[in-house]
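Before any comments, here is the structure.
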Amino acid sequence: MEPPRKPRRLSPSQVKLVKLIHVISAAGWLGGTLAGSLALLRVHNLPSDSPTYVDAIALLHFVDTVVFIPAGLLLLATGAIYGAYTNWGFLKNLWIVVKWILTILVVALGFVFYFTDITFIVLQVLLILVIVILSIYKPRTLRKSSGKR
Ligand code: HEM
């Protein structure tokens, strides 16, 4: 019988590259959503046929297409790479499980309330801030295992 195969792990420099892509995407996600919600706050009381409103929405759609959607896909992809090819795993740390849930929630909110409701866009910003805080602090109470990766 063949011995069980060791799970494939990325080299330290590959993990660094994943982290670089992950963190740049995170910055794009937060920045894009923050800019979008501020622009929407600025115009949401204007009539929907006013030039300022029309321009702001057109810009938001552009930012959504070139920043938010690609960054979200990269975050999900790098999150999956962390899970499959590094010691972080998928379910070893509760803070990572919570990140998965919140990330999917932010994506779902984006699909359902596509620039239609200011409340949900502000909620998206808050959720992304919570995700960033979780990422930096990796709270102990949310850790199933400890130790440096
Ligand atoms: C799909 C869900 C996600 C998973 C599974 C995930 C997983 C991870 C993992 C394993 C790390 C590595 C931590 C380290 O090496 O120290 C990390 C870092 C990080 N993540 Fe995520 N992440 C996800 C989504 C996000 C999102 C949506 C954001 C923010 C918009 C984000 C922001 C960050 C930041 C800023 C770091 C760097 C933290 C540090 O260097 O200490 N992540 N993430």
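Values quoted throughout were computed directly from the atomic coordinates according to the rules given, and no laboratory measurement underlies them. Since this is a predicted model, take the numbers as computed values, not measurements. Cβ atoms come from the backbone with ideal geometry, glycine included; neighbour counts cover every protein chain shown.
Laid out as a table, the results:
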| item | result |
| --- | --- |
| Span-like helix ranges in the chain, DSSP H, alpha carbon extent 30 angstrom or more, Kyte mean at least 1.0 | 12-43 |
| For the chain, built as a Gaussian network whose Cα springs stay under 10 Å, the top-fluctuating residue of Y137, Y82, Y114 | Y137 |
| Potential extension, F120-I24 segment - 0.36 nm per residue separation minus Cα distance | 32.2 nm |
| Cβ-based exposure ranking for T103, T33, T141, in which fewest neighbours within 10 Å come first | T141, T103, T33 |
| Peptides ranked, highest mean first, by Cβ atoms within 10 Å: ranges 44-56, 13-25, 88-100 | 88-100, 13-25, 44-56 |
